[in-house]
Amino acid sequence: MVAPSSFRHPPKKPVECKSVLLTGFDPFGGDPINPSWLAAQRLHRRQIAGHRVVAAQLPTQFGASLTRLRALLAEHRPALVICLGLAASRSALSLERVAINVDDARIADNAGAQPIDLPVIAGAPAAYFTRLPIKAMHAAIQSAGIAVEVSQTAGTFVCNHVFYGLMHHLASTRGFARTRGGFIHVPPLPEQAGHGMPLAQMVDGLRIGIRTALTVAHDARRGAGAID
């Protein structure tokens, strides 16, 4: 006689939760905090649209930031990558459209490096467009009453360095052809500048943006450009 236990089905394997890699930078320029990292930390381990957010800090350094980012991409193989950085003069979440292949540092990074008129990656394309559905993200965040804009430039400092390095990696590394990625600049906090945005509001906007990036297959067609 066959034992009843023989008829039991084998235990189901747990469903693997895909990940979202969300990075922020360490403090820079003598400021003890960087809101890009504070916002990323707030979203760490959150579940959004069936994906688990993994937050990681990048150094505000040319070169070292990309070394760290590439290691994180290899480790987590995320479905979505969004890198965050601080734009101290802005008052809204800035969804970056294009990364350019140039480092032109007006000031030195945290390691004292100040590259001028050098490529981020020699021999690589002049620019990459984001893979994020930034117009759909803009509409979703705006509808929640949170200040947001589409930005046409990520600058030429470490933020653009990381943005360009990310997009080049996704475009040129096997296994990342379908991975969405891009960059969002966050404004300062109110305690850092009068035009700042509260951290809770910043986090809400980023959460909405992440959800939109995970659930919208094709970007919206709506005006969000600039004339200057």
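Read-outs throughout are calculated quantities, based only on the coordinates presented, and are distinct from any laboratory measurement. If you're wondering where the values come from, they're calculated on a predicted model, not measured in any experiment. Cβ: placed from backbone, ideal geometry, glycine included. Neighbour counts: every protein chain shown.
The table below lists the values:
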{"read-out": "Gain upon complete extension [THR153, ALA71; 0.36 nm per residue less C-alpha separation]", "value": "26.9 nm"}
{"read-out": "About the Cα centre, charge dipole magnitude for the chain (Lys/Arg +1, Asp/Glu -1 at Cβ), debye", "value": "1380"}
{"read-out": "Residues whose placed amide H lies under 5 Å from that of LEU58, excluding near-sequence neighbours", "value": "GLY24, PHE25, ASP26"}
{"read-out": "Efficiency of FRET from Cβ geometry, ALA64 and PHE129, R₀ 25 Å, rounded to 0.05", "value": "0.45"}
{"read-out": "Per-residue ³J(HN,Hα) for the range 198-207, Karplus 6.51 cos²θ - 1.76 cosθ + 1.60, θ = phi - 60°, Hz, x for Gly and Pro", "value": "x, 4, 4, 5, 4, 5, 4, x, 5, 4"}
{"read-out": "Computed lengthening from ILE107 to ALA226, 0.36 nm per intervening residue step minus Cα-Cα distance", "value": "40.2 nm"}
{"read-out": "Share antiparallel - DSSP beta bridges, the chain, percent rounded to 5", "value": "25"}
{"read-out": "Cut-off under 5 Å, modelled amide H: who pairs with MET197 long-range", "value": "LEU189"}
{"read-out": "Calculated diffusion of the range 72-175, Stokes-Einstein form, Kirkwood radius summed over Cα pairs, 20 °C and 1.002 mPa s, µm²/s", "value": "143"}
{"read-out": "Shape parameters for the chain, alpha-carbon atoms, Rg then Dmax in Å", "value": "19.3, 83"}
{"read-out": "Centre separation in Å (Cα based) which lies between the range 149-206 and the range 76-138", "value": "7"}
